[in-house]
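The values are calculated or read from the model by the stated rules, or taken from the named source; none is laboratory data. All of these numbers come straight from a predicted model, not from anything done at the bench. Cβ coordinates were reconstructed from backbone atoms using ideal geometry, including for glycine residues, and neighbour counts include every protein chain displayed.
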Amino acid sequence: MKGQMTAGILASILAALLFTAMDVSAKALGHLGMGEITFIRGLAGLLFIPLIARGEGMPLFSGKDRGLLHLRGLMGAFGILLFFYSLPGLTLGDAEILVQLSAFFMCILSPIFLKTRLPGKVIIWLFVIAAGAAIVLRIWNFQAFNGYAVLGVISSFCSACAYTCIGKLTEKGGHSGAELVFYFQVYSMAGGALLMTGHMVMPLGGDWAWILLLSFSALFAQVALTWGCTHIPPVIVTFAMYTGLLFHILAGWALWGEKLTIYSWIGGAVIVLGSVMLLWETRGKDASG
């Protein structure tokens, strides 16, 4: 059990690192259009699905819970698409800070759809996270409160919906990680194709290296995340994924010289603190119940 827990945490940290590589690639390829990037991401990942299924030794299609699988794919694809659209107007650090709101939304969705019972102390930390988001968004300053930040918040909600679907599918059992990733890849590709209709830009030169990195990191980030969610409690996965915040800040600084504002630092710290305490309270309840 201890070895599995360690492996699950390492898989989650690896997923955070790979998601950072994916986001860096998407930001570098912004001139191609987000629909095209999403399509390439979905198509490249789809090609590797049979290899992943073979490695797991389970059927790719279980033939059950199709509605839930489609919802997982739809929400996951919608979340990543909105995240890509938010990148041009945000630093990598700010974008990742808003991603952390998924823990906030998960603690709202879990009691409803996963029948998770949350301790009474959870409510205060939900307000703390909301306050942190308000600081990052600078809602008192209309010019700072831009549409890109709003897209980031909606993206985190969609991600929370996708994680909730994974949790429900895990409860039901009988689904391979490849099957869960497959639906996500299909919907990513379909959404990207729809958005890039009539607006395709041919990649040139170094674009192909970024596309290769995007495709590889996007697929295996999903594999690592799904593996973690199916082997250790999702609450611990979410906690380990906070390392992605550091990875994004360092990448944005190293590649584009990005600097976070004081509001980003303060709001980000509040969000992380609130989320960690939220997850701690949830974990304590699960352990005792």
| note | Of those in region 160-198 that are part of a loop (DSSP other than H, G, I, E, B) and among the polar types (S, T, N, Q), the residue surrounded by the fewest Cβ atoms within 10 Å (Cβ to Cβ) is THR197
| request: Scan region 155-175 for residues that are farther than 24 Å from LEU101 by Cα and in contact with a Leu (Cβ under 7 Å, 6 or more places away or on another chain) and report the count. | output: 1
| said: Being surrounded by fewer than 18 Cβ atoms within 10 Å (Cβ to Cβ) and either hydroxyl-bearing (Ser, Thr, Tyr) or free of Cβ contacts under 8 Å to residues at least 12 places away in the same chain (or both) is the filter here; which residues of region 25-49 pass it? | reply: LEU47
| request: Using the structure shown, decide if LEU214 is crowded, with 21+ Cβ neighbours inside 10 Å and closer than 19 Å to ALA11 by Cβ. | output: no
| task | Evaluate region 165-176: report whether one residue or more is acidic (Asp, Glu) and more than 22 Å from the chain's Cα centre (by Cα). | result | no
| query | Taking the condition farther than 30 Å from GLY268 by Cβ and of a type outside the set (D, E, K, R), does HIS31 pass? | reply | no
| said: Looking only at residues that are among the small types (Gly, Ala, Ser) and over 16 Å from the mean Cα position of the chain (by Cα) in region 188-233, which one is modelled with the lowest pLDDT? | reply: GLY198
| Complete set of residues in region 53-67 that are in a helix (DSSP H, G or I) and hydrophobic (A, V, I, L, M, F, W, C) | ALA53
